[in-house]
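Chemist: Below is a structure I'd like to ask you about.
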Amino acid sequence: MEVVILAEAAEIGGVAADAFAALLEGKPHAVLGLATGSSPLAIYDELAARYAAGRISFRRARGFTLDEYVGLPADHPERYRNVIDTVFVSRVDFAPGAVQGPDGLAEDIPAACAAYEDAIQQAGGVDLQVVGIGTDGHIGFNEPGSSLASRTRIKTLTRQTRLDNARFFGGDLDAVPTHCLTQGLATIMAARHVILVALGRTKAEAVHQLVEGGVSAMWPATVLQHHPHVTVLLDDAAAQRLQLVDYYRETYRSKPDWQGL
Ligand code: F6R
């Protein structure tokens, strides 16, 4: 697990966008794993800016989102399918239908989850997966207690996650859905490279557990310690509880330019 601590979100966006650019240069038909939420916004802003400047193209790429609320109407602005369109997909040149998400309105939810797993497999698996982390240590919406071997399925959101996300629903906890469909921890682990972004001090404990805690279903993101290629991009506040913070800073400072993420 490589830990990179940077001063601000825009810098994190630039470093992550470099990883997207390097991937797409060698593999224009790459499969991208896209997170919603606030953490990756600087990455999407930077990628949209590079696209506008003619420096990157998603024309042949595919995308799969991590998760979706159950039951939000198709035109609800907080439906993750609509969020990812607004913050990223509509700003670049993905082909129509190239980005998919789990169907939170499916009548047969187990079948929809299985179909989503199949679609990812048939696309060749995810090359680069962006994830945020919840204050309770979730990735995707794999809440504490999730099986480390889980695949796409329905989950109940914790009260903490619903409180954290109420800001997207005008501060109204009751408006936040109680359930979601989420890629499982094993689904995320199958991605070839995972970039996890965390910003702000509310993430500091989850980040400490992620990087330095024991692997446990109580902190689901810790499963990433078993992944061979994970990059953790943090601002100073999210890094403030790391015990080996000086070591991570020195490691990144002394890293040769050619190495990339
Ligand atoms: C969103 C997702 C969630 C968020 C996490 C952090 O697709 O899967 O795990 O990444 O809840 O959310 P933010 O970035 O809004 O703090």
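Every number in this text was worked out from the coordinates using simple rules, so none of it is lab data. If you're wondering where the values come from, they're calculated on a predicted model, not measured in any experiment. Neighbour counts are summed over all protein chains in view; Cβ atoms, including those assigned to glycine, are modelled from backbone coordinates with ideal geometry.
Chemist: Need the failing condition index for E107 against (1) within 18 Å of the chain's Cα centre (by Cα); (2) surrounded by fewer than 17 Cβ atoms within 10 Å (Cβ to Cβ), just the number.
Modeler: Evaluating E107 over (1) within 18 Å of the chain's Cα centre (by Cα); (2) surrounded by fewer than 17 Cβ atoms within 10 Å (Cβ to Cβ) leaves (1) as the failure.
Chemist: Scan the stretch 84-102 for residues that are closer than 19 Å to I188 by Cβ and buried (at least 19 other Cβ atoms within 10 Å of the Cβ) and report the count.
Modeler: Adding up the residues that qualify gives 5.
Chemist: Every residue in the stretch 117-132 that is within 14 Å of the ligand (Cβ to nearest atom) and in a helix (DSSP H, G or I), please.
Modeler: The answer is none; no residue qualifies.
Chemist: Checking the structure you have, find out if any residue of the stretch 162-184 is basic (K, R) and closer than 24 Å to D103 by Cβ.
Modeler: yes
Chemist: Would you mind telling me which numbered condition in (1) free of Cβ contacts under 8 Å to residues at least 40 places away in the same chain; (2) buried (at least 16 other Cβ atoms within 10 Å of the Cβ); (3) over 23 Å from T86 (Cα atoms) R162 fails?
Modeler: (3)
Chemist: Additional query: Inside the stretch 16-37, can you point out the residues that are closer than 17 Å to V230 by Cα and crowded, with 19+ Cβ neighbours inside 10 Å?
Modeler: Once the filter is applied, which keeps residues that are closer than 17 Å to V230 by Cα and crowded, with 19+ Cβ neighbours inside 10 Å, the stretch 16-37 yields A16, A17, F20, L23, V31, L32, G33, L34, A35.
Chemist: Which residue is surrounded by the most Cβ atoms within 10 Å (Cβ to Cβ), if the candidates are limited to the stretch 228-261 and must be among the charged types (D, E, K, R) and closer than 18 Å to L196 by Cα?
Modeler: Looking at the filtered set, the residue picked out is D235.
Chemist: For R192, are the conditions met, namely being surrounded by 15 or more Cβ atoms within 10 Å (Cβ to Cβ), away from the ligand (no atom under 12 Å from the Cβ) and either more than 25 Å from F20 (Cβ to Cβ) or touching a residue at least 60 places away in the same chain (Cβ under 8 Å) (or both)?
Modeler: So R192 fits the description; yes.
Chemist: Quick one: which of S57, S150 is in a loop (DSSP other than H, G, I, E, B) and closer than 25 Å to V223 by Cβ?
Modeler: When all the criteria are applied, what remains is S150.
Chemist: Right, here's the next one. Name the residues in the stretch 81-105 that are in contact (Cβ under 8 Å) with a residue 60 or more places away in the chain and in a loop (DSSP other than H, G, I, E, B), would you?
Modeler: Answer for the stretch 81-105, where residues must be in contact (Cβ under 8 Å) with a residue 60 or more places away in the chain and in a loop (DSSP other than H, G, I, E, B): P102, D103, G104.
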